[in-house]
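A short worksheet on the structure shown next.
The values are calculated or read from the model by the stated rules, or taken from the named source; none is laboratory data. Treat the numbers as computed from the prediction; the structure is a model and nothing was measured. Positions of Cβ are backbone-derived with ideal geometry, glycine not excepted, and every protein chain shown enters the neighbour counts.
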Amino acid sequence: MYSLSSRLLISVSVLLLLFFGITIAVLDTAFTEAGEQARRDILDGQLVALLAAAEPDDSGELALPERLREPRFGQIGSGLYGELRSAAGDVIWRSQSALGLEIPEGTVPELGNHLFARESLPDETPLLTLSLAVEWEIDENTSKPYVFKVAESLDSFNAQVAGFRGQLFGWFAAVAAIMLLAFSFLLRGLMKPLRKIETEIGEIESGDRASLSGQFPTELTGVARNMNLLIDSERARSDRYRFTLDNLAHSLKTPLAGMRALLADRHREEFDQRVNEQIDRMDEIVRYQLRKPAAAVAEKLVLQSVNVDKEIARLVDGLRKVYHDKAPVFDVNVQTGLQFRGDTGDFLELAGNLLDNACKWCKKNIAISVVPSAGQSAIASGMVLSVSDDGPGIPQEAADALLQRGMRLDESTPGHGIGLAIVKDIARSYGGQLSISESKLGGAKITVSIPPLSSSN
Amino acid sequence: MRLLVIEDDDTLREMLAKRLTEAGFAVEQAADGKEGLYFAQEYPVDLAIIDLGLPEVSGLDIIRQVRADGKTYPILILTARDRWEDKVDGLSAGADDYVVKPFHFEEISARVNALLRRSGGWASSQLDAGPVSLDMSRQELSVNGAALELTSFEYKIIEYLMVRAGQVISKSELTDRLYDQDFERDSNVIEVFIGRLRKKMDPDNTLKPIETLRGRGYRFALERNQSD
């Protein structure tokens with residue numbers, strides 16, 4: 001995998017090559033065409049000069065003087081050649097410059113017409129030629145057809161074009177090199193924040209730094225913030241595991257010590273019962289730990305969406321089976337399509353424990369309602385989940401004690417269950433809270449409020 | 001009643017089978033998911049106790065398969081996982097109740113009795129039909145308030161018939177459901193027990209609680225009391 005810098009440099013080089021290639025081709029064509037046009041105009045002028053200098057001689061044949069106004073016609077090998085031919089193709093006159101050269105006759109234009117052509121001498125020298133076929137009035141009664149032809153060697157023109165091309169390539173190559181150099185300097189500057197992130201992550205890995213510094217360009221602030229969230233959540237998770245393990249190990253020691261003490265006294269009547277009590281206690285401790293919240297708010301990056309009405313329906317169906325004999329009547333009030341942003345297991349734990357308690361304590365009626373709670377700058381709505389029953393309710397002092405006291409592993413009271421403690425823990429981990437009040441049905445109403453998930457917290 | 005216990009932990013499975021047998025059930029055991037699925041599909045079973053975490057085929061898959069085959073007997077799941085997610089998955093797959101490990105045997109026994117009674121359409125553990133009353137939790141049969149002395153087999157037969165009050169139960173079904181497989185099957189024994197039960201429950205032959213349908217089997221004939 002190429003680095004970002006290499007990819008950008010390769011892309012920019014290809015673009016420059018394409019741009020300069022097209023520019024060079026356009027300039028070259030324009031230069032060549034303009035040069036050729038200028039050559040044609042000059043040839044046209046030379047042809048007119050030949051026509052002006054031509055005079056019929058005494059024998060009634062058209063002739064040209066020895067010396068012409070254009071000196072190049074008189075210099076041998078000057079590259080400018082003139083020729084006069086009869087209609088039959090016989091050479092009547094040829095300029096001195098063409099001495100020893102055989103100018104090809106080429107295509108003869110129709111009478112009165114010009115014809116430009118590219119031809120070449122026998123030695124492959126390229127020529128631009130202009131021919132004109134005329135009917136010359138010798139005297140009042142006679143006129144004869146002639147073909148005037150001027151030709152110019154293209155050697156110097158081609159050398160000029162080649163020189164121009166050489167310069168063009170040279171300049172453009174220099175400009176491209178300067179641009180690429182400037183771009184790579186620019187890139188170094190642009191990549192600096194990324195290298196900074198890389199360095200800081202390295203420092204975090206080696207333990208020299210706690211989190212990313214947060215001083216990054218706007219485009220990278222989100223990435224840095226999410227990485228800090230991830231690092232925090234990983235750190236919190238590892239702290240939590242360590243704390244849980246520590247707590248679990250310590251809390252299991254008490255019942256273990258109790259059992260060891262019982263062993264010494266195994267002949268007592270209530271031995272079985274007391275061992276069972278210790279086993280129940282250990283079981284409760286383990287169950288509590290295993291059912292603790294799966295998600296912490298810091299892990300909101302990876303939370304799923306839970307389909308609330310579907311999960312509540314599954315729970316109610318399940319509980320109808322379990323409490324078949326009691327046959328509680330459920331009044332379910334859940335907004336269709338309501339989504340809870342969190343872990344499915346956590347949601348089922350919240351609703352499952354509350355509904356299970358309600359089934360245990362109710363006389364007949366249970367009401368469950370889940371409504372969304374929205375907030376400013378929220379990226380996912382929160383929810384208010386409440387479960388009411390028509391059972392005996394929870395006395396105020398007991399409710400206060402339940403809400404205030406933190407659930408300590410080794411002080412769970414047998415018979416009180418661990419459901420509410422788990423609900424409280426999970427609600428807290430989502431930044432929410434648990435409240436206990438009196439329900440309209442006559443029993444307890446337990447409400448869990450989970451605040452909306454905002455992008456800033 | 002014939003129960004199927006599918007549990008891969010040998011100690012737990014054997015302990016459960018032993019206690020359930022002592023409680024008067026005929027018990028089949030399977031130690032892995034594959035064998036369990038085969039038993040659950042092929043054996044005459046009144047209730048299955050299925051552990052969720054099984055090797056080869058998971059408990060959830062067995063439940064789904066059994067329900068897909070149209071079998072309606074109650075299923076009790078055993079799970080070491082106490083999260084509601086697992087319980088709801090099991091109940092949604094077709095189980096009827098759950099027990100979380102570790103458990104007291106009394107809890108299993110109470111759930112099993114409740115599920116069996118429910119499958120026969122009874123609402124409480126006391127089955128009342130006319131003057132006859134059967135207390136499943138105490139395994140006690142009384143007529144007009146007087147408790148009867150029954151042998152274990154006599155109790156098993158009257159319990160099976162009363163739970164399915166009104167249904168015709170063939171002799172072969174009774175033998176299948178009440179005897180362990182290795183017990184020698186002899187349908188005459190059933191006739192003897194039915195005869196004894198009739199004498200104990202209805203010495204004057206006025207109540208006629210157990211009806212014989214020639215060539216088809218027996219039926220508990222008394223009407224269930226309204227409250228049930």
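Within segment A:70-112, the residues that satisfy the criterion of being assigned to a loop (DSSP other than H, G, I, E, B), farther than 20 Å from A:W136 by Cβ and touching a helix residue (DSSP H, G or I) at 6+ places or on another chain (Cβ under 8 Å) are A:E70, A:G74, A:Q75, A:I76, A:G77, A:S78, A:G79.
Looking only at residues in segment B:70-81 that are surrounded by fewer than 20 Cβ atoms within 10 Å (Cβ to Cβ) and at the interface with chain A (Cβ under 10 Å from one of its Cβ atoms), which one is modelled with the highest pLDDT? Among those that are surrounded by fewer than 20 Cβ atoms within 10 Å (Cβ to Cβ) and at the interface with chain A (Cβ under 10 Å from one of its Cβ atoms), it is B:A80. Screening A:A133 with (1) modelled with pLDDT of 90 or more; (2) in a loop (DSSP other than H, G, I, E, B) gives one miss only, at (2). Quick check on A:L84: is it closer than 14 Å to A:L47 by Cβ and not charged (D, E, K, R)? In short, yes. Among the criteria (1) at pLDDT below 90; (2) crowded, with 16+ Cβ neighbours inside 10 Å; (3) in contact with a Pro (Cβ under 9 Å, 6 or more places away or on another chain), the one B:G130 does not fulfil is (2). Checked against the criterion of being more than 21 Å from A:G318 (Cβ to Cβ) and either at pLDDT below 90 or among the small types (G, A, S) (or both), the candidates A:I418, A:I422, A:I379 yield just one match: A:I379.
Is at least one residue of segment A:401-409 within 14 Å of chain B (Cβ to nearest Cβ) and either surrounded by fewer than 13 Cβ atoms within 10 Å (Cβ to Cβ) or modelled with pLDDT under 90 (or both)?
Checking segment A:401-409: not a single residue is within 14 Å of chain B (Cβ to nearest Cβ) and either surrounded by fewer than 13 Cβ atoms within 10 Å (Cβ to Cβ) or modelled with pLDDT under 90 (or both).
Tallying residues that are free of Cβ contacts under 8 Å to residues at least 60 places away in the same chain and either β-branched (V, I, T) or under 30 Å from A:G74 (Cβ atoms) (or both) within segment A:1-48 yields 11. In segment B:83-94, the residue that is surrounded by the most Cβ atoms within 10 Å (Cβ to Cβ) out of those that are in a helix (DSSP H, G or I) and facing chain A (nearest Cβ under 7 Å) is B:W84.
Of the residues making up segment A:120-135, those that are touching a Leu at 6+ places or on another chain (Cβ under 9 Å) and surrounded by fewer than 16 Cβ atoms within 10 Å (Cβ to Cβ) number 6. For the residues A:Q278, A:Q273, the requirement of being part of a helix (DSSP H, G or I), surrounded by 14 or more Cβ atoms within 10 Å (Cβ to Cβ) and either touching a Gly at 6+ places or on another chain (Cβ under 7 Å) or free of Cβ contacts under 8 Å to residues at least 12 places away in the same chain (or both) singles out A:Q278.
Kindly check whether there is at least one residue in segment B:46-68 that is within 11 Å of chain A (Cβ to nearest Cβ) and either at pLDDT 90 or above or more than 16 Å from B:I6 (Cα to Cα) (or both).
Within segment B:46-68 (the criterion being within 11 Å of chain A (Cβ to nearest Cβ) and either at pLDDT 90 or above or more than 16 Å from B:I6 (Cα to Cα) (or both)), the answer is no, since none of the residues qualifies.
Here B:E149 meets the list (1) more than 14 Å from chain A (Cβ to nearest Cβ); (2) under 15 Å from the mean Cα position of the chain (by Cα) almost entirely, failing just condition (2).
Determine, yes or no, whether A:K364 is within 19 Å of B:G90 (Cβ to Cβ), more than 8 Å from every other protein chain (Cβ to nearest Cβ) and loosely packed, with under 15 Cβ neighbours inside 10 Å. Criteria not met by A:K364. Scanning segment A:62-94 for residues that are closer than 18 Å to A:S120 by Cβ and among the hydroxyl-bearing types (S, T, Y) turns up A:S78, A:Y81. Among the residues of segment B:133-143 satisfying the criterion of being away from chain A (no Cβ under 14 Å) and surrounded by fewer than 22 Cβ atoms within 10 Å (Cβ to Cβ), which is farthest from B:M162 (Cα to Cα)? Checked segment B:133-143; the qualifying residue farthest from B:M162 (Cα to Cα) is B:R138. From the set of residues in segment B:95-123 that are part of a loop (DSSP other than H, G, I, E, B) and within 15 Å of the chain's Cα centre (by Cα), which is nearest to the other protein chains (Cβ to nearest Cβ)? Checked segment B:95-123; the qualifying residue nearest to the other protein chains (Cβ to nearest Cβ) is B:D96. Can you tell me which residue is farthest from A:G382 (Cα to Cα) among those in segment A:331-354 that are surrounded by 22 or more Cβ atoms within 10 Å (Cβ to Cβ) and free of Cβ contacts under 8 Å to residues at least 40 places away in the same chain? Here the residue is A:G352.
B:N205 meets all of the listed conditions (1) touching a residue at least 24 places away in the same chain (Cβ under 8 Å); (2) not in a helix (DSSP H, G or I) but one, namely (1). Could you check how many residues of segment B:134-146 are under 18 Å from the mean Cα position of the chain (by Cα) and under 15 Å from B:F220 (Cβ atoms)? Residues in segment B:134-146 being under 18 Å from the mean Cα position of the chain (by Cα) and under 15 Å from B:F220 (Cβ atoms): 3 in total. Name the single residue that is modelled with the lowest pLDDT among those in segment A:319-352 being facing chain B (nearest Cβ under 8 Å) and not in a helix (DSSP H, G or I). Top of the filtered list is A:D325.
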